[in-house]
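Presented below is the structure to which this report refers.
The values are calculated or read from the model by the stated rules, or taken from the named source; none is laboratory data. Here the structure is a predicted model, which is why all the values come from computation and not from measurement. No Cβ is skipped: glycine too gets one built from the backbone with ideal geometry, and neighbour counts run over all protein chains shown. Accessible surface areas use protein heavy atoms only, side chains included; no ligands, DNA or RNA. Shrake-Rupley method; radii C 1.70, N 1.55, O 1.52, S 1.80 Å.
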Amino acid sequence: MTRSLVLAEVVDGVLAPVTAQAVAAAVGLGGDIVLGLVAQDPEALVLAASLAGVTEIVTVAVPGTDRDHEQALQAAVALVADVRPDQVIAGFTIRSSSYAAALGHVLDVGVITDAIALRRDDSQNLVATRSVYDGRVQAEVVLDGSRPGVVLVRPSSWEPVEPGGAPVVRALSVEIAPSRVRSVELVRPSGDVDLARADVILSIGRGVGSQENVAVFADVAARLGVALGASRPIVDAGWLPAAHQVGQTGSTVKPRLYLAFGISGALHHLAGMQNSRTILVVNSDRNAPLFGHADVGAVEDIHDVVEQLNLLLA
Ligand code: FAD
């Protein structure tokens with residue numbers, strides 16, 4: 001029977017939602033699932049970490065903050081030695097990316113990032129699907145099943161498991177060597193939008209044309225009571241804070257409805273929103289690639305559409 005070690009993600013002392021998605025990826029492989037819970041006070045997180053499918057939680061208390069990747073690496077190495085998993089799984093995030101390559105190096109095993117599907121083949125090798133060449137090709141990457149591969153999974157590709165498991169909880173004592181990481185200042189993205197949790201997102205792209213027009217769409221989004229997202233050029237231009245950016249270097253979102261106005265559908269943008277349940281696209285160019293992912297599409301000028309919306313909302 002296969003055994004997964006899922007490395008929980010803790011952000012500012014709170015269990016991050018991506019943990020439930022990483023557990024879901026492990027559930028798909030079957031077998032035992034051990035959740036490695038590394039935090040300053042892991043006991044306080046055990047209830048939140050008792051997710052469906054998790055058979056055991058192994059806690060590691062560490063002295064530093066959850067932003068210390070040297071400490072995270074040491075804890076992960078100790079967990080692997082203790083749990084002896086067939087695979088190590090974590091969400092594909094900035095935090096996991098900061099220690100996963102080093103973990104692969106220390107264990108001398110392969111690391112696969114940004115997996116969108118995961119399975120074992122007939123020879124029990126671990127097979128992860130990755131989107132490559134800007135999403136034009138889906139590649140299957142195979143890790144030799146005799147060694148514990150490390151896989152970082154794209155959060156939006158798995159439905160999170162529900163809370164409510166009844167795992168066995170065990171503390172693992174790990175001597176953490178002094179870290180060379182110093183946390184100088186925590187700079188949070190400005191803006192008050194939490195796109196990852198939004199149910200409906202109205203997202204704007206370069207097609208809006210100007211900062212003044214951004215305000216028009218922001219107003220419509222506010223009146224509809226939906227979150228405002230954006231493609232990267234809007235953020236790069238300083239028209240909206242970084243918290244609004246959807247995509248590879250922005251938020252990964254999975255809303256019930258994603259409304260894309262004046263966004264072409266570059267692969268970096270798609271990476272962040274293509275798992276939205278319903279996608280509505282408005283673009284004046286009928287060949288815009290995003291139409292290829294749309295459930296509903298309108299070849300229209302977005303300014304005409306927003307004008308109509310404004311009339312409806314008046
Ligand atoms: P464009 O590609 O310029 O598209 C604008 C669209 O608006 C066009 O399709 C046009 O037909 C339409 N349009 C214009 N006027 C109108 C109108 N009046 N009415 C209707 N439609 C109109 N991008 C992201 O979004 N998120 C990321 O996280 C991200 N990360 C990146 C990371 C890297 C390493 C790199 C290299 C790039 C990244 N990008 C990201 C940038 C990405 O490659 C694209 O350049 C970007 O997504 C394009 O944004 P856009 O669709 O708004 O602009």
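Values computed for the structure shown
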{"read-out": "Enumeration of residues in the stretch 283-314 that are away from the ligand (no atom under 11 Å from the Cβ), touching a helix residue (DSSP H, G or I) at 6+ places or on another chain (Cβ under 7 Å) and open to solvent by less than 70 Å² (accessible area, probe 1.4 Å)", "value": "297, 309, 310, 313"}
{"read-out": "Residues satisfying the stated conditions in the stretch 63-74, i.e. closer than 22 Å to residue 155 by Cα and either of a type in the set (A, V, I, L, M) or open to solvent by 40 Å² or more (accessible area, probe 1.4 Å) (or both)", "value": "66, 67, 69, 72, 73"}
{"read-out": "Every residue from the stretch 266-282 that is more than 17 Å from residue 132 (Cα to Cα) and near the ligand (Cβ under 8 Å from one of its atoms)", "value": "282"}
{"read-out": "Candidate set: the stretch 210-230, residues that are in a helix (DSSP H, G or I) and among the polar types (S, T, N, Q); chosen: the one nearest to the ligand (Cβ to nearest atom)", "value": "213"}
{"read-out": "Close pairs from the stretch 41-52: first within 17 Å of residue 22 (Cα to Cα), partner of a type in the set (Asp, Glu) and open to solvent by 20 Å² or more (accessible area, probe 1.4 Å), Cβ under 9 Å, at least 6 apart", "value": "51/162; 52/162"}
{"read-out": "Set 183, 231, 157, 210: member being of a type in the set (S, T, N, Q), under 29 Å from residue 313 (Cβ atoms) and within 24 Å of the chain's Cα centre (by Cα)", "value": "231"}
{"read-out": "Enumeration of residues in the stretch 4-33 that are touching a Lys or Arg at 6+ places or on another chain (Cβ under 7 Å) and closer than 11 Å to residue 85 by Cα", "value": "31, 32"}
{"read-out": "Every residue from the stretch 78-97 that is of a type in the set (A, V, I, L, M, F, W, C) and open to solvent by 30 Å² or more (accessible area, probe 1.4 Å)", "value": "81, 92, 94"}
{"read-out": "Count - residues of the stretch 9-27 that are loosely packed, with under 15 Cβ neighbours inside 10 Å and in a helix (DSSP H, G or I)", "value": "0"}
{"read-out": "Among the candidates 58, 6, 34, 38, residue that is among the aliphatic types (A, V, I, L, M) and either open to solvent by 20 Å² or more (accessible area, probe 1.4 Å) or assigned to a loop (DSSP other than H, G, I, E, B) (or both)", "value": "38"}
{"read-out": "Qualifying positions in the stretch 238-265 - assigned to a loop (DSSP other than H, G, I, E, B) and more than 10 Å from the ligand (Cβ to nearest atom)", "value": "238, 239, 240, 241, 253, 254, 255, 256"}
